[in-house]
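The values are calculated or read from the model by the stated rules, or taken from the named source; none is laboratory data. Just so you know, these numbers come straight off a predicted model, no measurement behind them. Cβ sites come from the backbone with ideal geometry, for glycine too, and all protein chains shown count toward neighbours. Surface areas here come from the heavy atoms of the whole protein model, side chains and all, with no ligands, DNA or RNA. Shrake-Rupley method; radii C 1.70, N 1.55, O 1.52, S 1.80 Å.
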Amino acid sequence: MDTQDLSAQLIIANRDLVICNRENDKLTIALNDANAELLLQNDEKVKLAKALTIANIELDAQNKEKGQRAAELIIANIELDFQNEEKLKRAKELMIANKELDFQNEEKGKLAAELLVANIELVFQNEEKEKRAAELVIAYARLSSQNREKEERAAELIIANSELAFQNQEREKRAAELIIANTELIFQNKEKEKRAAELIVANTELIFQNQEKEKRATELIIANKELVFQNKEKGKRAAELIIANIELDFQDEEKEKRAAELIITLKELGYQDEQRGKRAAELIIAKRELLVQKQYKERRAIAEAKKDEFFNVVSHEFKTPLTNIKAVNQLLERSVNKTDKIYPFILNANHSIKRLERLIADLLDVTKINSGQIDLNIAEFDFSDALVNSISNVQQITKRHEILLENTVDVRYSGDQFRIEQVLINLLNNAIKYSPDTSKILVKAKVEAGNILVIVQDFGIGIASGDIDQLFQRFYRVSKTAMVYQGVGLGLYIASEIIKRHEGRFTIESQPGKGSSFCFYLPLNQLTLN
Ligand code: ADP
């Protein structure tokens with residue numbers, strides 16, 4: 001082959017190669033693309049493989065849990081099997097017992113039928129009894145309230161009785177002493193009468209002597225005249241004798257006057273003696289009276305001290321059991337339904353417990369006041385707070401009465417807020433208690449001449465003027481109304497003592513049938529109270 005042919009063939013082969021190369025390039029690109037896809041797919045698979053591994057770990061953990069749970073279930077199963085066996089045994093025993101019970105039940109059925117009949121009868125009887133019991137409970141409540149009233153009255157009567165007995169004894173003693181004094185006076189009078197008779201005798205003698213002297217004087221005048229007549233010579237002498245006689249007359253007259261004066265002086269002395277005797281007797285009587293009064297006061301003070309001691313001990317002794325009763329009653333009040341028929345009795349008991357508590361507190365306060373031990377906790381407070389607190393405290397317990405605060409005071413007062421509220425609460429409670437037919441109660445407060453003035457006014461039964469001055473005495477109650485309204489007569493006594501301890505004072509204005517105003521004044525510059 002020549003070179004031309006070769007080169008022609010080479011060119012052709014070259015073209016073929018070029019074509020082949022192009023094909024190869026295309027194939028390479030396609031391979032690269034396929035490779036890239038495979039790589040992508042591989043990445044996905046790796047991710048998936050990782051996720052699968054995590055899922056596998058979780059499944060392993062869950063499998064372990066399940067394994068443990070299965071083991072526990074197997075143990076529980078074994079236990080249940082054991083329990084089932086026991087139950088089977090128990091069921092067999094129960095079957096036997098059941099048969100026995102069936103037999104007993106039949107017997108009981110018969111008995112029940114009999115009991116049913118008896119029960120119906122009993123239910124009927126019980127209903128009757130319950131009705132009777134309810135009636136008895138009401139009657140009992142009425143009786144116990146009447147008994148309480150009677151007991152309170154009896155206690156008051158006993159105290160009044162012992163005071164009267166004591167006064168009677170004193171009067172009897174006084175009468176005996178007066179009889180003795182009288183006898184002495186009669187004896188003294190007799191002595192004086194004797195003395196007067198003696199004086200009259202002495203007087204008569206003096207008059208007789210004077211008459212004798214007068215006779216003698218007359219005789220002397222006659223003798224003188226005779227001498228004058230017989231002895232003219234002795235005229236001068238006679239004249240002298242006449243002068244002497246006249247002088248003697250004059251002296252006699254003087255003596256008579258003197259005697260009369262002496263009689264008058266004697267009489268006066270006698271009268272003065274009588275007066276002195278009377279005065280001495282009066283002084284002795286007055287001295288005895290003073291002694292008796294002193295002894296009476298001493299005995300009274302001892303009796304008062306014993307009474308206070310008794311009240312103190314009794315009140316303290318009452319306190320603890322009363323606290324227990326109160327707790328039980330409160331428990332009952334909470335646990336019993338308000339519609340239950342015993343609920344009103346519980347409320348009633350609650351009311352009585354509160355009354356007893358107040359009475360004990362009053363008695364303790366009285367003994368404290370008498371022994372000077374009532375301590376005040378002095379601090380500054382808003383006086384209007386005390387008014388508002390007391391009113392809301394009392395308003396809570398009454399729906400029938402309306403307490404209106406007409407005026408208040410905007411001052412800071414230095415005193416014992418608790419005790420001042422105690423006074424206000426007592427006045428408000430009295431206003432309610434003694435106004436059964438009216439509903440309005442007014443409270444007014446103002447500052448007047450350096451004092452706080454508080455007035456509690458009601459429109460109730462009022463008080464007679466003769467009783468007003470005595471209201472602040474211990475245990476004093478107006479006798480007309482004492483039987484109608486509950487109370488012991490201590491509230492106003494305690495209130496007045498508290499106000500006195502704050503350097504204050506009380507006044508009362510009242511008209512029977514129209515109402516009362518209780519006022520108290522408290523001086524404002526009180527910071528130095530002890
Ligand atoms: P108590 O009210 O317990 O008897 P107090 O000492 O509070 O005792 O009152 C003494 C007496 O004063 C009462 O028994 C009553 O007769 C009379 N009294 C008190 N406040 C009033 C009032 N607002 N209206 C009429 N009488 C009253």
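One table, with the values for the structure above:
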read-out	value
Qualifying lysines (Cα of each under 21 Å from Cα of Lys319; at least 8 residues distant if same chain)	Lys306, Lys307, Lys354, Lys368
Size of charge dipole - the chain - debye, nearest 20, with Cβ of Lys, Arg +1 and Asp, Glu -1, no other charges	2620 debye
Residues with amide H under 5 Å from that of Gly460, placed H, sequence gap 5 or more	Gly515, Ser516
Reachable aspartates and glutamates from Lys26, criterion Cα separation under 18 angstrom, eight or more residues apart if same chain	Asp16, Glu37
C-alpha long axis of helix 417-433 to longest principal axis of the chain, angle in °	80 degrees
Placed amide H near Ile452: partners under 5 Å, 5+ positions off or other chain	Leu522, Leu524
Residue-wise HN-Hα coupling along the stretch 257-267, computed from phi with Karplus coefficients 6.51, -1.76, 1.60 (Hz; x: Gly, Pro)	4, 4, 4, 4, 4, 4, 4, 4, 4, 4, 4
Furthest towards positive pole of dipole, Ala286, Asn312, Leu332, structure part the stretch 275-340, Cβ charges	Ala286
Cross-link pairs Lys194/Lys287; Lys45/Lys66; Lys399/Lys480; Lys444/Lys514; Lys440/Lys500; Lys194/Lys255 - those with Cα-Cα distance over 22 Å	Lys194/Lys287; Lys45/Lys66; Lys399/Lys480; Lys440/Lys500; Lys194/Lys255
Rounded accessible area per residue of the stretch 375-529, 1.4 Å, Å²	50 Å²
Karplus (6.51, -1.76, 1.60) ³J(HN,Hα), θ = phi - 60°, over the stretch 148-154, in Hz, Gly and Pro reported as x	4, 4, 5, 4, 4, 4, 4
Solvent-accessible area, 1.4 Å probe, carbon plus sulfur percent, for the stretch 375-529	48 percent
Qualifying aspartates and glutamates (Cα of each under 18 Å from Cα of Lys89; at least 8 residues distant if same chain)	Glu79, Asp81, Glu100
Fraction of antiparallel bridges per DSSP, the chain only, in percent to nearest 5	85 percent
DSSP loop trypsin sites (Lys or Arg not before Pro) with at most 15 other Cβ within 10 Å excluded, longest remaining stretch of the chain	1-231
Table column - 3J(HN,Hα) (Hz), the stretch 240-251, Karplus curve with 6.51, -1.76, 1.60, x for Gly and Pro	4, 5, 4, 4, 4, 4, 4, 4, 4, 4, 4, 5
Over the chain: helical MRE at 222 nm, DSSP H runs n ≥ 4 each giving -39500 (n - 2.57), nearest 500	-28500 deg cm²/dmol
